[in-house]
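The structure appears right after this line, and notes come after that.
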Amino acid sequence: MSAEGASQTSIEYIQHHLTFLTSGEGFWAFNIDSLFFTLVTGFIFLTIFYKTSKKMTTGVPGKLQCLVEMLVEWVDGVVKENFNGNRALVAPLALTIFVWVFLMNLIDLIPVDYLPQIGQMLNIHYLRAVPSADMNITFSLAIGVFCLILFYTVKSKGVSGLVKEYTMHPFNHPAFIPVNLLLETVTLVSKPISLALRLFGNMYAGELIFILIAVMYSSNIAVAALGLPLQLAWAIFHILIVILQAFVFMMLTVVYLGIAYNKSEQH
């Protein structure tokens, strides 16, 4: 095979693995694969925690119960340190975000060809299995956080407090209201954007590297023997990214909500 033909084949391979299974067009286009795996991971999360709660025992706990209890206590401690209000909503939200995002990220460790090949057998020509590598999913999560930021700001300061916060800071003078509004709006909007892009960027990069490694050892016989060690090495390193990105998304969410709820917060 010529270098040009091999290059074209590699490009087609990469494009195929980075193409979503999409239904609809324009604004009403939906990535069916991302939605499917998002729901699947959410179902797995709910099933595990529901069954664990039903089988909860005060005696010697099983391994799964120990893991769930450790997660709940750890997340509750994180929320307690960063959120001064009632934790009845924020703590379960933080736990849901961490576990759900972690499970979505974890799909990235499945070899890149396995799920697409299963899809081909089911006559599904395109299949991307990592929801957190889809900006639609990460931005939808971030928009939910954005709405909660506004909710807790109004809850702690009232509507008048919300207006004052975004018009009288950082310059406490009516003449600077337009400047304050611009600065505070940029600060507010940057929070969900940074949340979404940070998660998307890291997971997309990880997915792309897995694909590039697969292209490298599938197109060059001389380095084919390095394929498995390279995939394994990157997978081990990527485990840290999978966990870290779930933690960062959860942590920033709690911090942002804590800032919004804190009545004494100064800018």
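The values are calculated or read from the model by the stated rules, or taken from the named source; none is laboratory data. Source: prediction; values computed, not measured. Positions of Cβ are backbone-derived with ideal geometry, glycine not excepted, and every protein chain shown enters the neighbour counts. These area figures cover heavy atoms from the full protein model, side chains too; ligands, DNA and RNA do not enter into them. Shrake-Rupley method; radii C 1.70, N 1.55, O 1.52, S 1.80 Å.
Among the residues in the range 52-67, are any outside any loop (DSSP other than H, G, I, E, B), in contact with a helix residue (DSSP H, G or I) (Cβ under 8 Å, 6 or more places away or on another chain) and basic (Lys, Arg)? No, the conditions are met nowhere in the range 52-67. For the range 10-25, enumerate the residues that are open to solvent by less than 70 Å² (accessible area, probe 1.4 Å) and part of a helix (DSSP H, G or I). Selection gives Ser10, Tyr13, Ile14, His16, His17. For Leu21, work out the one condition from (1) in contact with a helix residue (DSSP H, G or I) (Cβ under 7 Å, 6 or more places away or on another chain); (2) of a type in the set (A, V, I, L, M, F, W, C); (3) at pLDDT 95 or above it doesn't fulfil. For Leu21, the exception is condition (3).
Scanning the range 136-168 for residues that are of a type in the set (Val, Ile, Thr), in contact (Cβ under 8 Å) with a residue 40 or more places away in the chain and open to solvent by 40 Å² or more (accessible area, probe 1.4 Å) yields one hit, Ile143. Return a yes/no flag: does the range 111-123 have any residue that is over 28 Å from Lys191 (Cβ atoms), in contact (Cβ under 8 Å) with a residue 24 or more places away in the chain, in contact with a Pro (Cβ under 9 Å, 6 or more places away or on another chain) and hydrophobic (A, V, I, L, M, F, W, C). No, every residue in the range 111-123 fails to be over 28 Å from Lys191 (Cβ atoms), in contact (Cβ under 8 Å) with a residue 24 or more places away in the chain, in contact with a Pro (Cβ under 9 Å, 6 or more places away or on another chain) and hydrophobic (A, V, I, L, M, F, W, C).
Determine which member of the set Val75, Val60, Val79 is open to solvent by 50 Å² or more (accessible area, probe 1.4 Å) and among the aliphatic types (A, V, I, L, M).
Details: Val75 fails: open to solvent by 50 Å² or more (accessible area, probe 1.4 Å); Val79 fails: open to solvent by 50 Å² or more (accessible area, probe 1.4 Å).
Going through Val75, Val60, Val79 in turn, just one is open to solvent by 50 Å² or more (accessible area, probe 1.4 Å) and among the aliphatic types (A, V, I, L, M): Val60.
Evaluation of Phe171 against the conditions (1) open to solvent by 70 Å² or more (accessible area, probe 1.4 Å); (2) of a type in the set (A, V, I, L, M, F, W, C); (3) part of a helix (DSSP H, G or I) shows that the sole unmet condition is (3).
Restricting Val112, Val99, Val189, Val145 to residues that are among the β-branched types (Val, Ile, Thr), under 30 Å from Glu207 (Cβ atoms) and either touching a Gly at 6+ places or on another chain (Cβ under 7 Å) or outside any helix (DSSP H, G or I) (or both) narrows the list to Val112.
Limited to the range 115-135, what total is found for residues that are over 17 Å from Ala246 (Cα atoms) and in a helix (DSSP H, G or I)? The number of residues fulfilling the criteria is 7.
Looking at the structure I just gave you, is Ala233 over 30 Å from Val254 (Cα atoms), in contact with a helix residue (DSSP H, G or I) (Cβ under 9 Å, 6 or more places away or on another chain), exposed (fewer than 15 other Cβ atoms within 10 Å of the Cβ) and at pLDDT below 90?
On the way: over 30 Å from Val254 (Cα atoms): yes; in contact with a helix residue (DSSP H, G or I) (Cβ under 9 Å, 6 or more places away or on another chain): no; exposed (fewer than 15 other Cβ atoms within 10 Å of the Cβ): yes; at pLDDT below 90: yes.
So Ala233 fails the test.
Assessment of the range 200-212 against the conditions (modelled with pLDDT under 90 and either assigned to a loop (DSSP other than H, G, I, E, B) or on the phi > 0 side of the Ramachandran plot (or both)) yields no matching residue. Residues that are touching a residue at least 12 places away in the same chain (Cβ under 8 Å) and over 24 Å from the mean Cα position of the chain (by Cα) were ranked within the range 54-91; the one that is farthest from Lys155 (Cα to Cα) is Gln65. Between Ser140, Ser156, the distinction of being modelled with pLDDT of 90 or more and of a type in the set (Ser, Thr, Tyr) belongs to Ser140 only.
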